[in-house]
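The structure under discussion appears below in the form of structure tokens.
The values are calculated or read from the model by the stated rules, or taken from the named source; none is laboratory data. Everything numeric in this text was worked out from a predicted model, so none of it was measured. Don't worry about glycine lacking a Cβ; one is built from the backbone with ideal geometry, like all the others, and counts go over all protein chains shown. Keep in mind that these areas ignore ligands, DNA and RNA; they rest on the heavy atoms of the full protein, side chains included. Shrake-Rupley method; radii C 1.70, N 1.55, O 1.52, S 1.80 Å.
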Amino acid sequence: MTNISNLKTLLEGINFNQIGVSFKGSGSYVPDQILTNQKISQKVNTSNEWIKSRTGISERRISSLGDDVTEMGYKAALTAIEMANWDIKTIDLIVLATSTPHDLFGSAPSIQAKLGAANAVAFDLTAACSGFLFALITTSQFLKGGSFKRAIVIGADQLSSFVDWNDRRSCILFGDGAGALAIEATNECDNLIGFDMRTDGERGSFLNLPSKNNKDSIIDNINFSSGAFSPIQMNGQEVYKFAVREVPIILEKLFKKMNYTSDEVDWLVLHQANQRILDSVGDRLKIPGEKILSNLEKYGNTSAATIPLVIDEAIRNNRIKQNDIIATSGFGAGLSWGAALIKWG
Ligand code: COA
């Protein structure tokens, strides 16, 4: 009797409907305007050689008026939906990772409207350059929990609007763009193999896009702070040290937790901040250069967009293939960082 009741208790604890996620499509979009290192050198005291050797970046894309996060995110989402071959009305959830929404109240519902995804719920999520990874993980929890079946996760940013174009220490790094993945709940597999997420607000001052806190008066002695932002402020050396220290640690811990070795990884997909960071993390994890995806030479750091942008490029170039194992990590302001182990498909 005791054994039967033990078994009953055990069975009650198991969710037989446990579902996972699979990746069905990818998409991306970058604006047409190209800002080369040579052009930046006409604006601030720098050179193509300096930028190229310290960052790996040659050029970046800059949004013009109208090509904002809503527009870029919409175009990236649409190409991901086309690859997935989904009827737009079957999409349940749209999550937009961005720090630069066209509307501070959120840009995801505008993307929903542009797509005509009338049955989806859409919202923004902000975690700077970790935003896409955090959004991917958040979305997957909704899908695995059974609340939604089909989701689009978008990373889109327009940091050119918030860069100090007179600050040579930071303006050389950033560009604009968007990427998206189409993800579906399934009970056949779980292709988000594992993940981890971290933040450390104590070190948040290394990279900010802070409110200006301009004091203004409404009437008499009732004051308010007007809603405007200062340009990006960055301690480049500290951010660099943070990335090359924390990214290998979080990935190594994830490999260990999920019982994987770095040899089993087909692609290392890091947030595209600096080629030296990519190389250093690859060295630490003993992942060879040919397995490290990089397109920052063309686009620079597009913040929440870098990871889906480089994944989409590799899928369309036939580099990432069905069942490939991708180790990915996002990192940036917050400070925030995270990692995920994914099987494509
Ligand atoms: N062109 C020419 N010289 C420049 C320059 C530029 N664009 N930017 C800085 N310098 C100068 C500095 O003034 C300094 O000169 P000094 O020695 O006479 O004072 C010198 O180059 C070295 O500066 P330093 O800040 O030590 O350079 P660095 O090797 O650390 O490279 C970054 C600077 C920004 C490229 C690098 O720190 C970096 O990539 N950090 C990470 C930033 C990042 O990824 N942020 C986003 C995270 S999501």
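A few notes on this one:
- Loop-located GluC sites (Glu not before Pro) across segment 189-289 with a Cβ neighbour count of 14 or fewer within 10 Å are lacking, with loop assigned by DSSP.
- Helices of the chain meeting both criteria, an alpha-carbon length of 18 angstrom or more along the long axis and an average Kyte-Doolittle score not below -0.5, with helices taken as full DSSP H segments, are 69-84, 131-144, 236-257.
- Solvent exposure of segment 159-257, expressed per residue, is 55 Å² of accessible area, with all protein chains present and a 1.4 angstrom probe.
- Cα-based shape type of segment 231-286, given that a ≥ b ≥ c are square roots of the gyration tensor eigenvalues and the cut on a/c is 1.5: prolate
- The simple Förster model, with R0 at 22 Å and r as the Cβ-Cβ distance, assigns SER225 and ARG276 a FRET efficiency of 0.05.
- For the chain, the relative contact order works out to 24 percent when only alpha carbon pairs closer than 8 Å and six or more residues apart are counted.
- Relative contact order, percent, segment 17-189 [alpha-carbon distance under 8 Å, six or more residues apart]: 36 percent
- Percent carbon-and-sulfur accessible area, the chain, ignoring ligands, DNA and RNA, probe 1.4 Å: 49 percent
- Relative contact order of segment 124-194, pairs being alpha-carbon contacts under 8 Å that are 6 or more residues apart, as %: 32 percent
- Part-to-part distance (alpha-carbon centres) for segment 60-89 and segment 114-189, which is given in Å: 11 Å
- Between segment 195-244 and segment 270-323, the Cα center-to-center distance that results, in Å: 28 Å
- Within segment 17-189: Cβ-based charge dipole about Cα centre, in debye rounded to nearest 20 (Lys, Arg +1; Asp, Glu -1): 320 debye
- Accessible-area value, ASP87, 1.4 Å probe, nucleic acids and ligands omitted, Å²: 90 Å²
- About its Cα centre, the chain has a charge dipole of approximately 480 debye under the convention of +1 per Lys or Arg Cβ and -1 per Asp or Glu Cβ, with nothing else charged.
- Computed on protein heavy atoms with a 1.4 Å probe, the accessible areas place VAL121, VAL269 in the order VAL121, VAL269, largest first.
- Separation of the LEU104 and THR90 label points, Cα + 7 Å toward Cβ, nm: 4.0 nm
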